[in-house]
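Asks: The structure is given below, and queries will be raised subsequently.
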């Protein structure tokens, strides 16, 4: 079971990968559709930022939620809003750019980090 420091808004790619592997947290990619299509972290849920508020009731309140975007700006906003609403919400520090920089895979094969 992955544990996060509730005093911090950010989690590392290593922590996010462990949480995905053991399903101890849900990870939500808040990028736009074209960004998702170009390349995404396998096993995460895609829910664009503009649709997030309307879909809040579909996000499990019993597990931590990690929001992720390209660099962490949009996902930080999402994490802050969801924390305010009572979720254990976090931001993937550095976003998918940091994930890829650390040599972690993305899907589909040959995928890339698209511009915002």
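Every number here is computed from the coordinates shown, using simple stated rules; none is lab data. None of the values given here were measured: they were computed from a predicted structure. Here the Cβ positions follow ideal geometry from the backbone for every residue, glycine too, while neighbour counts run over all protein chains shown.
Asks: Given the DSSP H assignment, sum -39500 (n - 2.57) over each helix run of at least 4 residues in the chain and divide by its residue total; what's the result at 222 nm in deg cm²/dmol, nearest 500?
Replies: Computed ellipticity for the chain at 222 nm equals -9000 deg cm²/dmol.
Asks: Among 58, 71, 76, what is the fewest-to-most ranking by other Cβ atoms within 10 Å?
Replies: So the residues, fewest neighbours to most, are 58, 71, 76.
Asks: Taking only Cα atoms, what is the 0 to 90° angle, nearest 10, from helix 13-22's long axis to the longest principal axis of the chain?
Replies: 70 degrees
Asks: I need 50, 77 ordered by Cβ neighbour count within 10 Å, fewest first.
Replies: Fewest-to-most ranking of 50, 77: 50, 77.
Asks: Here is a follow-up. What percent does the relative contact order of segment 10-101 come to when contacts are Cα pairs within less than 8 Å and at least six residues apart?
Replies: 33 percent
Asks: Given 0.36 nm per residue, what is the gain on full extension from residue 22 to residue 3 after removing their alpha carbon distance, in nm?
Replies: 5.7 nm
Asks: Which distance in nm do the two modelled labels at residue 83 and residue 61 give, with both placed 7 Å along the Cα-to-Cβ direction?
Replies: Using points 7 Å along Cα→Cβ, the separation is 1.9 nm.
Asks: Taking neighbour Cβ counts within 10 Å as the exposure measure, how do 74, 104 sort from fewest upward?
Replies: Going from least to most buried by this count: 104, 74.
Asks: Mind telling me which of 80, 68, 33 comes out most flexible in a GNM of the chain, alpha-carbon contacts under 10 Å?
Replies: Residue with maximal mean-square fluctuation among 80, 68, 33: 33.
Asks: Could I ask something else about it? Run the numbers for residue 107 and residue 37: contour at 0.36 nm per residue of separation, minus the present Cα-Cα distance, in nm.
Replies: Stretched fully, the residue 107-residue 37 segment lengthens by 24.3 nm.
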